[in-house]
1. For the subset of the range 81-109 comprising residues that are surrounded by fewer than 21 Cβ atoms within 10 Å (Cβ to Cβ), among the charged types (D, E, K, R) and out of contact with any Phe, Trp or Tyr (no Cβ under 6 Å at 6 or more places or on another chain), which member is nearest to Gly131 (Cα to Cα)?
2. Taking Cys116 as meeting all but one of (1) among the hydrophobic types (A, V, I, L, M, F, W, C); (2) closer than 21 Å to Leu22 by Cα; (3) in contact (Cβ under 8 Å) with a residue 60 or more places away in the chain, write down the number of the exception.
3. Can you find a residue that is within 19 Å of Pro111 (Cα to Cα) and among the acidic types (Asp, Glu) anywhere in the range 24-34?
4. Give me the pairs, please: first residue somewhere in the range 89-109 and assigned to a loop (DSSP other than H, G, I, E, B), second residue anywhere and modelled with pLDDT under 95 and surrounded by 11 or more Cβ atoms within 10 Å (Cβ to Cβ), beta-carbon distance under 6 Å, and either six or more positions apart or on two chains.
5. Could you tell me whether any residue of the range 45-58 is in contact with a Gly (Cβ under 8 Å, 6 or more places away or on another chain) and part of a strand (DSSP E or B)?
6. Considering each of Asp46, Asp30 in turn, give the residue that is surrounded by 12 or more Cβ atoms within 10 Å (Cβ to Cβ) and either more than 20 Å from Pro155 (Cβ to Cβ) or polar (S, T, N, Q) (or both).
7. Among the strands (runs of 3 or more DSSP E) confined wholly to the range 113-185, which include 2 or more residues that are touching a Ser or Thr at 6+ places or on another chain (Cβ under 6 Å)?
8. Within the range 4-27, restricting attention to residues that are of a type in the set (Val, Ile, Thr) and either out of contact with any helix residue (DSSP H, G or I) (no Cβ under 7 Å at 6 or more places or on another chain) or not in a strand (DSSP E or B) (or both), which residue is surrounded by the fewest Cβ atoms within 10 Å (Cβ to Cβ)?
Amino acid sequence: MVQLEPKNLIIPLPVTLVTVRLRDNGSVKDNIIPLSWVNNLDSDPDLVSIVLSKDKYSGKVIKKSRHFGMAIPGASLMEKVDLCGSTHGDQVDKFKAAGLSTFEAKAIDVPLILECPINMECVLEQIYPFGGHEMYAAKVVATHVDERFMADSKPDFSKIDPLCFVDGQYWTLGKKMEELFFTSK
């Protein structure tokens, strides 16, 4: 076993496109921020978290609006995801630059991403500050899955082919191995 310098090597991290909408003085500005620091926090109710660097534009918008969207892209959207991550939302219309289509959330005021197989609507519950980052804990109030990515009334992750992030590189999940608790069946 080789010992490295301390480094977070939790793998894989899901790539998620977080969407926000700023309403200010009669104008509307939508933005996308790609993140891989996302997590499930609870399942009753469904709570998720995203982690942003302090003073990020999208973080300021979330603090003001108190909600955001989470869109799960498939690997086929890797180039669009990367483009969104290499531009600044306060300077560029990322939806237009990446050629992504929107549809309106049902329960909150954010755009969701039509090309993404899964979209979730999230209402901010609490913000936890850390050194250089902040964790935004939110309740999932609505979930949308494109019917093309469903099988037996459930999301089919082989069709979705989720995009992941590992130590500065994009990856996909590969193949399904077994169901949870298969050894006890």
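The values are calculated or read from the model by the stated rules, or taken from the named source; none is laboratory data. Just so it is clear, the structure is predicted and the values come from calculations on it, not from any experiment. Cβ: placed from backbone, ideal geometry, glycine included. Neighbour counts: every protein chain shown.
1. Asp82
2. All conditions are met except number (2).
3. Within the range 24-34, one or more residues are within 19 Å of Pro111 (Cα to Cα) and among the acidic types (Asp, Glu).
4. The qualifying pairs are Gly89/Tyr57; Asp90/Tyr57.
5. Yes; the residues of the range 45-58 include at least one that is in contact with a Gly (Cβ under 8 Å, 6 or more places away or on another chain) and part of a strand (DSSP E or B).
6. Asp30
7. Because the criterion is at least 2 residues that are touching a Ser or Thr at 6+ places or on another chain (Cβ under 6 Å), the strands (runs of 3 or more DSSP E) in the range 113-185 that meet it are 133-145.
8. Within the range 4-27, the match that is surrounded by the fewest Cβ atoms within 10 Å (Cβ to Cβ) is Ile10.
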